[in-house]
Amino acid sequence: MTAYDTNNIFAKILRGEIPAHRVYEDDDAVAFMDVMPQANGHTLVIPKTPSRNILDAAPQTLSRLLPVVQKVAAAAKEAFEADGVTVMQFNEPAAGQTVYHLHFHVIPRVEGQPLKP
Ligand code: 5GP
């Protein structure tokens, strides 16, 4: 497993070094809007602890993060008047991961509207 890179873009967002539109924050996690949304309301949920992805995350990180993902999914569904919510998560380049700080995508979905590529 490749080591965690403290200069990844989400680490910089966590440290406040680059801006992000934060929609939720608690002791364990931050949620902010994706800069290239695949649908209206596309939100990213990340832990404050430094995990590269789900493969090196401590069980406690995951157990604290999932309730936040659930909360953000429910809030985004309501806020964007969606019919459903896609929650997805990628690990390592072969699986489509491009930013190497653990994150969950939360994407409100409207019936009949495909995700933007
Ligand atoms: P991945 O492919 O790693 O699962 O997803 C990374 C996500 O981060 C992409 O959806 C991309 O649009 C988003 N992203 C990349 N750079 C930034 C940034 O600087 N700010 C925000 N808010 N999102 C970013």
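Among the residues of the stretch 21-74, the ones that are among the basic types (Lys, Arg) and outside any loop (DSSP other than H, G, I, E, B) come to 3 in all.
If the condition is being under 22 Å from ASP5 (Cα atoms) and either of a type in the set (A, V, I, L, M, F, W, C) or crowded, with 19+ Cβ neighbours inside 10 Å (or both), then the stretch 15-32 contributes ILE18, ALA20, ALA29, VAL30, ALA31, PHE32. Scan the stretch 47-61 residue by residue and report those that are of a type outside the set (Asp, Glu) and in contact (Cβ under 8 Å) with a residue 12 or more places away in the chain. The answer is PRO47, LYS48, THR49, PRO50, SER51, ARG52, ASN53, ILE54, LEU55, ALA57, THR61. Only one of the numbered conditions (1) small (Gly, Ala, Ser); (2) crowded, with 16+ Cβ neighbours inside 10 Å; (3) within 26 Å of PRO117 (Cα to Cα) is not met by ALA74, and that is (2). Quick check, is VAL87 aliphatic (A, V, I, L, M), surrounded by fewer than 17 Cβ atoms within 10 Å (Cβ to Cβ), within 14 Å of the ligand (Cβ to nearest atom) and in a strand (DSSP E or B)? The answer is yes for VAL87.
The numbers here are math on the coordinates, done by the rules we state, and not lab data. What you are looking at is a predicted structure, and each value in this text was computed from that prediction instead of being measured. Backbone-built Cβ (ideal geometry, glycine too); neighbour counts: all protein chains shown.
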